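FYI, it's all coordinate maths here, none of it is from the lab. In this text the structure is predicted, and so the values were computed from the model without any measurement. Cβ placement follows ideal geometry from the backbone for every residue including glycine, while neighbour counts extend to all protein chains displayed.
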Amino acid sequence: MMKSVPVEELYMYRGQVVEDVMSATGALLLPRGGDLKTLLDSNPSVLQSLVQWGIKTVLINIPFDLSEDVFEKIVDSIHPRMRALEARIARGAIMQVEKVYRTISDNGSLGDGAYELARQASLLAEEVAKAPQIVHCLGRVRDIDEYTYIHSLNVGLLSGYLASRLKPGDREFVTTITYGGLLHDIGKALVSQEVLNKPGRLTVSEYEEMKRHSVLGHEIALNSGITDSRILVSVRNHHERWNGEGYPDGLEGASIPLYARIMAVADVFDALTSKRVYKGPSSSRDAVSMILESSDESFDRSIVRLLLLSVGLYPPGTVVELSDSSVGVVVGARDSDLLRPLVYINVDDRGRRAPDGIIVDLSQQEHLYVRRAHYDAGKGIHYT
Ligand SMILES: [Fe+2]
């Protein structure tokens, strides 16, 4: 966070000098990048020189110092159930998805994995119902090879979450779509790894092969005895687009089944926020913006609106500056007021680290609000 600090208050601040501060004769008073405290301690008379040369303010970069470990500990203390999801249920679901993919590669059907995966979906749906904001639950990929499995879990969680927003209390709907999310890309088990993990652009024929996964997945589901049309459309039609330019059936607008419309939004959001061999991850906020921009051509606007509400305006991990100049990191939000999140404050308005940090619930603090946000610090929880 950069702040223009009056010279007479400089001694109270911690941080780095942003640009060279020179006297009118060209003497360097404070060098760019210098640590303010060290500079003032080593040369106390510099404050006097600044005043003498008529310098009124100095631009200081006030550090925000919160490691990912500390961040996760704080989230843990606020939302202990999120950690339970990460440790136990998420890993169970990922392992099961992986097992199912291997079975498909071997014999073209899910085998008895279908039943176990449905059980995992029901456990996940229970967790989704408890989550105040979905970004907490989404894992980020450390190991590229694991991408498809973690992506399947994330799409299951996110589509389940969107479904729970669309029809609150309809547990069957949420469980079914979560199951659809776990299965949505099963056709990729039969697409070549070179095409799936190619770092550069796909050629026309490679892209055609990639696109086959939706129809292949549908066949695998049918071969596995899945007859529920809600699951079948989740697998076959999650790449349909609102303007009819998607695949494989070129369905358009409301003729795209609701399950597939929800899955499309969840799929693209997770793909954008994940790290792949060919791209870095986008922040949650950037991903929502990109989806919003293309929502007229590609997505059901009402589902995109639910995504915005689910991800929140200040996703956990967002560094925010509050109206009193203190700096903190968002650790959660209440459904009722996404503009006023819970913020862990660890730098006060003078850039000093608060000894243990405090958690401020902005929904309970009428006089405090978020003045600025830095979204590039968006984090997801890693499943390891
Ligand atoms: Fe897909």
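Worth a mention:
- Placing R0 at 56 angstrom, the Cβ-Cβ distance between LYS99 and GLU366 gives a FRET efficiency of 0.60 after rounding to 0.05.
- With 0.36 nm allotted per residue and the present C-alpha distance subtracted, the ARG301-ARG88 stretch has 73.3 nm of extension available.
- Secondary-structure-derived ellipticity at 222 nm for the chain, considering helices only, amounts to -13500 deg cm²/dmol, per-run term -39500 (n - 2.57) for DSSP H runs with n ≥ 4.
- Over the Cα atoms of the stretch 2-61, the radius of gyration divided by the Kirkwood radius equals 0.90; this is the Rg/Rh ratio.
- Taking 0.36 nm per residue of sequence separation and removing the Cα-Cα distance, the ASN107/LYS275 pair yields an extension gain of 57.5 nm.
- Using alpha carbons only, the radius of gyration of the stretch 307-367 set against its Kirkwood radius gives Rg/Rh = 0.98.
- Rough spin-label spacing in nm, given labels placed 7 Å along Cα→Cβ, for SER205 and ARG119: 4.5 nm
- Within straight-line cross-link reach of LYS130, lysines at Cα separation under 23 Å, skipping those fewer than 8 residues along the same chain: LYS73, LYS167, LYS379
- Computed packing ranks the peptides 178-188, 9-19 as 178-188, 9-19, most packed first, by mean other Cβ atoms within 10 Å.
- Gyration tensor (alpha-carbon) shape descriptor, the stretch 192-252, a/c threshold 1.5: oblate
- Dimensions in Å of the stretch 151-192 - Rg and Dmax from alpha carbons: 11.4, 40
- Between ALA373 and LYS130, the modelled labels are 2.6 nm apart [label points 7 Å from Cα along Cα→Cβ].
- Phi-derived couplings, Karplus 6.51 cos²θ - 1.76 cosθ + 1.60 at θ = phi - 60°, listed residue by residue for the stretch 209-217: 5, 4, 4, 4, 4, 6, 6, 4, x Hz, with x used for Gly and Pro.
- Per-residue ³J(HN,Hα) for the stretch 287-301, Karplus 6.51 cos²θ - 1.76 cosθ + 1.60, θ = phi - 60°, Hz, x for Gly and Pro: 5, 4, 4, 4, 5, 4, 4, 9, 5, 5, 7, 9, 10, 6, 4
- With contacts taken as Cα pairs under 8 Å and at least 6 residues apart, the stretch 2-61 reaches a relative contact order of 50 percent.
- Taking VAL233, VAL155, VAL347 and counting other C-beta atoms within 10 Å, the order from fewest to most: VAL233, VAL347, VAL155
- Residue order, fewest to most beta carbons within 10 Å, for TYR149, TYR278, TYR161, TYR247: TYR278, TYR247, TYR149, TYR161
- Highest mean packing comes first when the peptides 316-324, 20-28 are listed by Cβ atoms within 10 Å, giving 316-324, 20-28.
- Here the simple spin-label model places points 7 Å from the Cα toward Cβ, and for ASN43 and ASP349 these points are separated by 3.1 nm.
- Legend: residue pairs LYS99/LYS279; LYS99/LYS275; LYS3/LYS56, Cα-Cα distance threshold 18 Å; pairs beyond threshold, LYS99/LYS279; LYS99/LYS275.
- Proportion of all alpha-carbon pairs of the chain beyond 31 Å (%): 45 percent
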